[in-house]
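Here's the structure, in structure tokens; my notes come after.
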Amino acid sequence: MNLLSVADLGVDGIEEIMRVTDSFVEVSERAIPKVPTLRGKTVVSLFYEESTRTRLSFETAAKRLSADTMNFSISSSSVKKGESLRDTVTTVEAMGVDAVIVRHGSAGVPWQVARWVDAAVVNAGDGWHEHPTQALLDCYTIRQRRGSLAGLRIAIVGDVKHSRVARSDVLAFTLLGAEVTLVAPPTLLPPSLAGWPVSVSHDLDDVVPKADVVYLLRMQRERQTEALLPSLREYTARWGLTRDRARLLGDDAVVMHPGPMNRGVEIAAEVADLPNAVITRQVANGVVVRMAVLFLLLGSGGELAL
């Protein structure tokens with residue numbers, strides 16, 4: 001079993017992960033938030049891109065399940081000496097690992113890794129393509145606040161073109177019955193939205209008052225190879241969640257961001273700290289959702305021993 005895409009899960013798969021996550025939330029609230037569920041299993045993080053949140057979240061999840069963890073650092077590895085991806089992966093698997101968490105700058109790499117190894121493979125982000133566990137933790141966070149995603153109006157705002165989070169979120173949110181609107185300048189939308197079950201707007205002021213969830217994306221300047229905007233100041237003026245725009249939000253509206261935030265660009269600093277912003281809750285839920293994913297991939301042959 002692998003977790004490469006939200007599409008692999010379907011509604012039933014997402015619901016099962018949400019159900020198991022509920023159990024691990026209780027574990028996380030204990031004085032010692034640890035269970036022996038994956039004792040004897042080894043989880044390796046294979047990150048070809050820099051990451052803090054995702055890498056630490058998976059590592060924490062594995063350790064709370066009592067799995068052994070290995071972190072593969074590209075900066076100090078044989079990759080710098082010219083070792084191929086396949087050689088690296090097969091070398092790591094030869095050490096006896098049970099799961100490989102893969103992040104890579106090129107789309108499709110986790111699928112390739114899954115063809116080379118017998119270990120379970122989890123996609124922790126591949127290029128501009130997908131980031132399924134981020135979408136799962138986002139779904140879980142929304143359900144905590146709103147009970148269900150069915151019928152919710154969710155606005156995903158910003159740099160959709162370069163965002164793997166947006167792609168996975170659109171898949172997951174719509175599978176669970178939400179209506180998704182992408183809000184961005186034309187230059188920050190994908191060249192084609194064929195097959196995307198979404199509507200599109202370029203006017204954030206029109207969308208915010210009607211939205212149940214406003215999901216802000218980071219401006220990914222490191223992925224942009226061309227000038228797509230006149231200036232960050234203009235971007236903030238038209239597509240940032242400023243203090244004035246935040247006043248248009250409904251009382252029950254939820255503000256989300258996958259992190260790291262560019263405060264003052266896509267979200268005003270004070271807006272990020274409002275009670276209806278659940279950005280730190282997303283981080284906390286990332287650990288318990290990834291515990292559920294690892295359990296279902298590696299430990300579901302036995303009972304959920306909590």
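The values are calculated or read from the model by the stated rules, or taken from the named source; none is laboratory data. Keep in mind that this is a model prediction, so the values were computed, not measured. We place every Cβ from the backbone using ideal geometry, glycine too, and count neighbours over all the protein chains shown. What goes into the accessible areas is simple: the full protein's heavy atoms, side chains included, and nothing from ligands, DNA or RNA. Shrake-Rupley method; radii C 1.70, N 1.55, O 1.52, S 1.80 Å.
Annotations for the structure displayed:
- Residues in segment 190-212 that are surrounded by 18 or more Cβ atoms within 10 Å (Cβ to Cβ) and touching a Lys or Arg at 6+ places or on another chain (Cβ under 6 Å): V208, A211, D212.
- Looking across R164, R146, R153, one residue alone is touching an Asp or Glu at 6+ places or on another chain (Cβ under 7 Å), free of Cβ contacts under 8 Å to residues at least 60 places away in the same chain and not acidic (D, E). It is R164.
- Residue in segment 82-99 that is in contact (Cβ under 8 Å) with a residue 60 or more places away in the chain and part of a helix (DSSP H, G or I) present: no
- Qualifying residue in segment 18-25 (condition: out of contact with any Leu (no Cβ under 7 Å at 6 or more places or on another chain), at pLDDT below 95, buried (at least 17 other Cβ atoms within 10 Å of the Cβ) and under 18 Å from V122 (Cα atoms)): no
- Residues of segment 110-142 satisfying the condition of being touching a residue at least 40 places away in the same chain (Cβ under 8 Å), touching a helix residue (DSSP H, G or I) at 6+ places or on another chain (Cβ under 7 Å), open to solvent by 10 Å² or more (accessible area, probe 1.4 Å) and assigned to a helix (DSSP H, G or I): Q134, Y140
- Residue match in segment 66-74 (condition: part of a helix (DSSP H, G or I), at pLDDT 95 or above and either of a type in the set (G, A, S) or under 23 Å from the mean Cα position of the chain (by Cα) (or both)): no
- Qualifying positions in segment 159-179 - over 17 Å from the mean Cα position of the chain (by Cα) and either buried (at least 24 other Cβ atoms within 10 Å of the Cβ) or among the aliphatic types (A, V, I, L, M) (or both): A178
- Note on segment 230-286: enclosed helices (runs of 4 or more DSSP H) holding 1 or more residues that are farther than 21 Å from D203 by Cα are 269-272.
- Residue list for segment 1-34, restricted to those being hydrophobic (A, V, I, L, M, F, W, C) and in a loop (DSSP other than H, G, I, E, B): M1, L4, L9, A31, I32
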